[in-house]
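Presented below is the structure to which this report refers.
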2 protein chains.
Amino acid sequence: MIHLLVAKVKRVLQGCGAIATNQADVKLLGFTGSPFVCRVQIALKLKEIEYKYVEENLGNKSDQLIKYNPVYKKVPVFVHNDKPISESLVILEYIDEIWKQNPILPNDPYQRAMVRFWSKFIDDKIVAASFKSVFTVDKKEREKNIEESTEALKILENELKDKFFGGEEINFVDIAAVFIAFWIPLIQDIAGLKLFTNEKFPKLYNWSQEILNHPAVKENLPPRDPIFAFLKARYDGLLAASK
Amino acid sequence: MIHLLVAKVKRVLQGCGAIATNQADVKLLGFTGSPFVCRVQIALKLKEIEYKYVEENLGNKSDQLIKYNPVYKKVPVFVHNDKPISESLVILEYIDEIWKQNPILPNDPYQRAMVRFWSKFIDDKIVAASFKSVFTVDKKEREKNIEESTEALKILENELKDKFFGGEEINFVDIAAVFIAFWIPLIQDIAGLKLFTNEKFPKLYNWSQEILNHPAVKENLPPRDPIFAFLKARYDGLLAASK
């Protein structure tokens, strides 16, 4: 009887986020090199949540991935007590609601709205445009995207007031923006572009150095060289196909 | 002294959402015919919040709009105690956090994640694609978008289990999806398309009839005829330009 009671109390406490869950209850389906998976890994590290990481082969998607994310069949999929969630920002909100320690969203409703606005801005205006600045065959289209991502980075540069977007500590926006700190420098090197430099965006560049060295971020970044090689091959293939 | 105390108590209660705020504190910058503005109007009606509505002329944007939404210069902008918020789904989250009556987001964190997922799905997969199914010059591009919006509507059709996405009451997803009930039938009539019909999507079609007749929705829908004429003129202009 007592072990049943203990298990029940444990479940209740886990539900409140009062204690770390059993690793088996928390699972992340990911792909090394995905900026969206990396966001979830950083949040889980900040919250000190143990979890089981499952590397997906995106060339041959697992039945599990298709079952858990039938709509997009993409990573990340976060699975908590066998219930799956996809979309990295949706996952971050969920994690922050379940595990209260080291909050990544502010308490104040207006500040929360601002955090949601800027995270969406990063996804809508920076991620796709900077990616297309490199991985687009059409020159005109590429230049349009370079211009758009430069404009968007300028806006974000003006928005940064402190060490981090979260102030002295990193928050939801910083996690969403890790794409800028790690992935943009990587893809611009592939194409020989200067999208994001210290000269153009000094505040954002300083921020990028701070965030890349933040312990929760640092240990969850993918290894640069294989990601570079993987994306470089894709870039070379694109160039070859366009000839 | 007493009036100061009364004012203070009122402010505290307003902060808790316990009583409706003063109209002057709550403002919505909108444009009649915008599906995104309509979302905010429905949420405010459900919450029984009085507010000042300011119609924007999008051909000649006001200083106020540019000041409150310098990033996108678009409506809706929701202004509460002089603090502006843009992006309709971000505004809905804020409204639900500030005014607790008639919640539009569920309490359970997993259900909240699902609501966020499906609202984002509607914006990412249905709104743009169905609009481009009509308002695109390139025939191939148009057909691609017809296919994509049909696929997305199919997925949503399978997701609908009850009278509303929120069950017996409308919730956040229903509000986001009003675009499907009102705007898709309107734009498909302009182009003589059959994107969303009773035959293709019987559950979603029933839902659309229910939601269009929901009191909070019905009284906030824009008048059909002028919106039709406005968009028809745009469509005709597009056709003429493509010849």
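Restricting attention to segment A:50-86, and to residues there that are of a type in the set (Lys, Arg) and closer than 14 Å to residue A:27 by Cβ, which single residue is farthest from the other protein chains (Cβ to nearest Cβ)? So, considering only residues that are of a type in the set (Lys, Arg) and closer than 14 Å to residue A:27 by Cβ, the one farthest from the other protein chains (Cβ to nearest Cβ) is A:52. Selection of segment B:152-207 for residues being closer than 19 Å to residue B:128 by Cβ and among the small types (Gly, Ala, Ser) yields B:152, B:176, B:177, B:181, B:191.
If you check residue A:204 against the conditions, is it over 24 Å from residue A:119 (Cα atoms) and either touching a strand residue (DSSP E or B) at 6+ places or on another chain (Cβ under 7 Å) or surrounded by 20 or more Cβ atoms within 10 Å (Cβ to Cβ) (or both)? So residue A:204 does not fit the description; no. Taking (1) modelled with pLDDT under 95; (2) buried (at least 18 other Cβ atoms within 10 Å of the Cβ) in turn, residue A:176 satisfies each apart from (1). Across segment A:61-75, not a single residue is classified as small (Gly, Ala, Ser), at pLDDT 95 or above and within 26 Å of residue B:96 (Cα to Cα).
Of the residues making up segment A:124-148, those that are within 25 Å of residue A:91 (Cα to Cα) and touching a residue at least 40 places away in the same chain (Cβ under 8 Å) are A:126, A:127, A:130, A:131. Does residue B:159 satisfy the criteria of being touching a residue at least 40 places away in the same chain (Cβ under 8 Å), facing chain A (nearest Cβ under 10 Å) and either of a type in the set (S, T, N, Q) or surrounded by fewer than 18 Cβ atoms within 10 Å (Cβ to Cβ) (or both)? In short, yes. Listed by first and then second residue, the pairs with beta-carbon distance under 7 Å, at least 6 apart or on different chains, first residue in segment B:55-69 and in contact (Cβ under 8 Å) with a residue 40 or more places away in the chain and assigned by TED's automatic domain parsing to the domain that holds residue B:34, second aliphatic (A, V, I, L, M) and in a loop (DSSP other than H, G, I, E, B), form an empty list. Scanning segment B:110-150 for residues that are β-branched (Val, Ile, Thr) and within 15 Å of the chain's Cα centre (by Cα) yields B:115, B:122, B:126, B:127. For segment A:167-177, check the following and say yes or no: at least one residue is charged (D, E, K, R) and in a helix (DSSP H, G or I). Yes, segment A:167-177 has at least one match. Where helices (runs of 4 or more DSSP H) fall entirely within segment B:84-160, those with at least 2 residues that are over 23 Å from residue B:198 (Cβ atoms), of a type in the set (Lys, Arg) and outside the structural domain of residue B:35 (by TED's automatic domain parsing) are at B:109-121, B:139-159. Contact map, segment A:87-113: residues that are within 8 Å of chain B (Cβ to nearest Cβ) paired with residues that are in a loop (DSSP other than H, G, I, E, B) and of a type in the set (Ser, Thr, Tyr), Cβ distance under 9 Å, separation 6+ or inter-chain. Pairs shown: A:87/A:72; A:98/A:21. Residue selection: residue A:37 satisfies the criterion of being in contact with a Pro (Cβ under 8 Å, 6 or more places away or on another chain) and touching a residue at least 40 places away in the same chain (Cβ under 8 Å). The residue that is farthest from the chain's Cα centre (by Cα), among those in segment A:27-48 that are β-branched (Val, Ile, Thr) and away from every other protein chain (no Cβ under 14 Å), is A:32.
Residue-wise test of (1) surrounded by fewer than 17 Cβ atoms within 10 Å (Cβ to Cβ); (2) closer than 24 Å to residue B:94 by Cβ; (3) touching a His at 6+ places or on another chain (Cβ under 6 Å); (4) not basic (Lys, Arg).
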| residue | (1), (2), (3), (4) |
| --- | --- |
| B:112 | no, yes, no, no |
| B:119 | no, yes, no, yes |
| B:122 | no, yes, no, yes |
| B:153 | no, no, no, yes |
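The values are calculated or read from the model by the stated rules, or taken from the named source; none is laboratory data. Only a predicted model underlies this, so the values are computations on that prediction, with no experimental measurement involved. Cβ coordinates were reconstructed from backbone atoms using ideal geometry, including for glycine residues, and neighbour counts include every protein chain displayed.
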